[in-house]
Amino acid sequence: MTSGRVDIAAKPPGIEGAGFFATSLEKVVGLARKNSIWPLPFATSCCGIEFMATMGAHYDLARFGSERLSFSPRQADLLMVMGTIAKKMGPVLRQVYEQMAEPRWVLSVGACASSGGIFDTYSVLQGIDRIIPVDVYVPGCPPRPEQIIDGILKIQHLVETESLRRRDSEEYKTMLNAYGIE
Ligand code: SF4
């Protein structure tokens with residue numbers, strides 16, 4: 001449903017009739033989480049400038065309910081890593097991730113965060129997925145704001161469709177343990 005130029009979040013699938021609407025808790029929680037993601041921008045270099053453009057009036061991330069940036073990991077759902085991550089910075093990034101409460105998601109923005117980019121050197125981490133799990137990768141050097149928004153939309157899809165029990169599953173714990181995270 002649309003109102004003017006603003007998309008209104010559609011109601012989740014369910015059963016409806018005169019005076020009632022029934023759906024599952026999982027779908028309602030997914031809908032609420034999807035449209036109120038609080039990102040933590042971890043921007044270290046030029047990709048961060050593209051993110052600033054994404055937050056500006058023209059691209060306006062507020063359209064997706066994500067205008068409230070969090071610079072405290074404890075009040076963030078989405079870690080957005082944008083820029084070159086030096087190996088010395090790796091432990092800091094990991095600590096930020098560990099301080100975020102579950103459920104948490106990670107968006108790797110740009111070639112540097114995803115693979116080290118052009119910096120195939122001794123000092124640069126060759127992809128943040130060597131130290132923390134990543135949910136969505138955004139390609140490009142730099143990615144345009146449209147690509148960053150596309151990454152956010154993919155994260156939104158994950159958030160909306162994720163089972164409420166996933167974070168308690170053995171599979172998820174095994175994945176975290178593979179990164180040495182309890
Ligand atoms: S991917 Fe390109 S634009 Fe982004 S931080 Fe690396 S060098 Fe800069």
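Tell me, please, whether a residue that is farther than 30 Å from Val28 by Cβ and free of Cβ contacts under 8 Å to residues at least 60 places away in the same chain can be found in the stretch 150-171. I'd like the intermediate steps shown before the answer.
Looking only at the stretch 150-171, we keep the residues that are farther than 30 Å from Val28 by Cβ, and these are none.
Scanning the stretch 150-171 turns up no residue that is farther than 30 Å from Val28 by Cβ and free of Cβ contacts under 8 Å to residues at least 60 places away in the same chain.
Scanning the stretch 159-168 for residues being exposed (fewer than 14 other Cβ atoms within 10 Å of the Cβ) and either modelled with pLDDT of 95 or more or under 15 Å from the mean Cα position of the chain (by Cα) (or both) gives a total of 1.
Can you tell me which residue within the stretch 113-150, out of those that are in a helix (DSSP H, G or I) and within 13 Å of the ligand (Cβ to nearest atom), is surrounded by the most Cβ atoms within 10 Å (Cβ to Cβ)? Step through it out loud before you land on a result.
Taking the stretch 113-150 and keeping what is in a helix (DSSP H, G or I), we get 113-115, 128-130, 145-150.
In the following step, the residues that additionally are within 13 Å of the ligand (Cβ to nearest atom) were identified as 113-115, 128, 145, 147-148.
Numbers: Ala113: 30, Ser114: 22, Ser115: 19, Ile128: 26, Pro145: 19, Gln147: 17, Ile148: 26.
The extreme case among them is Ala113.
Among the residues of the stretch 40-75, those that are more than 13 Å from the ligand (Cβ to nearest atom), charged (D, E, K, R) and either crowded, with 16+ Cβ neighbours inside 10 Å or touching a residue at least 24 places away in the same chain (Cβ under 8 Å) (or both) comprise Arg63, Arg68, Arg74. Just one of the listed residues (Leu78, Leu31) is in contact (Cβ under 8 Å) with a residue 60 or more places away in the chain, closer than 30 Å to Arg165 by Cβ and in contact with a Phe, Trp or Tyr (Cβ under 6 Å, 6 or more places away or on another chain), and it is Leu78.
When Tyr122 is tested against (1) touching a residue at least 40 places away in the same chain (Cβ under 8 Å); (2) in contact with a helix residue (DSSP H, G or I) (Cβ under 9 Å, 6 or more places away or on another chain), only condition (1) is not met. Of everything listed in (1) part of a strand (DSSP E or B); (2) within 16 Å of the ligand (Cβ to nearest atom), the single unmet condition for Phe21 is (2).
The values are calculated or read from the model by the stated rules, or taken from the named source; none is laboratory data. Everything quoted here is computed from the prediction, not taken from an experiment. Glycine gets a Cβ as well: all are built from the backbone with ideal geometry, and neighbour counts include every protein chain shown.
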